[in-house]
1. State yes or no: is Gly104 within 28 Å of the chain's Cα centre (by Cα) and either modelled with pLDDT of 90 or more or open to solvent by 90 Å² or more (accessible area, probe 1.4 Å) (or both)?
2. Every residue in region 21-50 that is open to solvent by 70 Å² or more (accessible area, probe 1.4 Å) and not in a helix (DSSP H, G or I), please.
3. When Glu53 is evaluated against the numbered criteria (1) surrounded by fewer than 10 Cβ atoms within 10 Å (Cβ to Cβ); (2) modelled with pLDDT of 95 or more, which criterion, by number, is the only one it fails?
4. Pairs please, first residue from region 51-75 and in a helix (DSSP H, G or I), second anywhere and among the acidic types (Asp, Glu) and surrounded by fewer than 10 Cβ atoms within 10 Å (Cβ to Cβ), Cβ atoms under 8 Å, 6+ apart in sequence or on different chains.
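The values are calculated or read from the model by the stated rules, or taken from the named source; none is laboratory data. Quick caveat, the model's predicted, so the values are computed rather than measured. As a convention, Cβ positions derive from the backbone with ideal geometry for all residues, glycine included, and neighbour counts pool all protein chains shown. Note: accessible area is taken over every heavy atom of the protein model, side chains too, but ligands, DNA and RNA are not part of it. Shrake-Rupley method; radii C 1.70, N 1.55, O 1.52, S 1.80 Å.
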Amino acid sequence: MEQLAAQFSDDPEQILPEPGPLESAKSYREKKAKPLLAKIVKVLRSLYRAYVELKGKYECLQGDYGQAREGNERLSDRLQEVKLENKALRGTVADFERVKRAFGPEEVERAVEDAKRQEAQERKQRKAKRKFSRGAR
């Protein structure tokens, strides 16, 4: 405190600024208030534009999120269906193994091969009928 008092008393003009002339209200408005208000308006407009842009992006992201969520729900439903199909197929495999044990693997394999040959012949017959019906047109 004593040091500040000593510096002030040595040269008061150096520490305190020169008092300026009093400005009129009109001069103050023209020189300081109007430019300040113009800057404030410019900042507010830029903030509003940024808000509108962000709001649009947010709504777009909300739409994308909704679509992604619907897609995930469809995939989850399909996954449950596949799990149920898998469970049913495991049951069919277990039944096939039981049949193999009951009738013997050779007999089951022979029956399967006979069924495959029969299906192949039926496919050939259908294919031949289609070729014949197309040729008749």
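1. Considered against the rule, which asks whether it is within 28 Å of the chain's Cα centre (by Cα) and either modelled with pLDDT of 90 or more or open to solvent by 90 Å² or more (accessible area, probe 1.4 Å) (or both), Gly104 comes out as no.
2. Pro21, Leu22, Glu23
3. (1)
4. Listed pairs, sorted by first residue: none to list.
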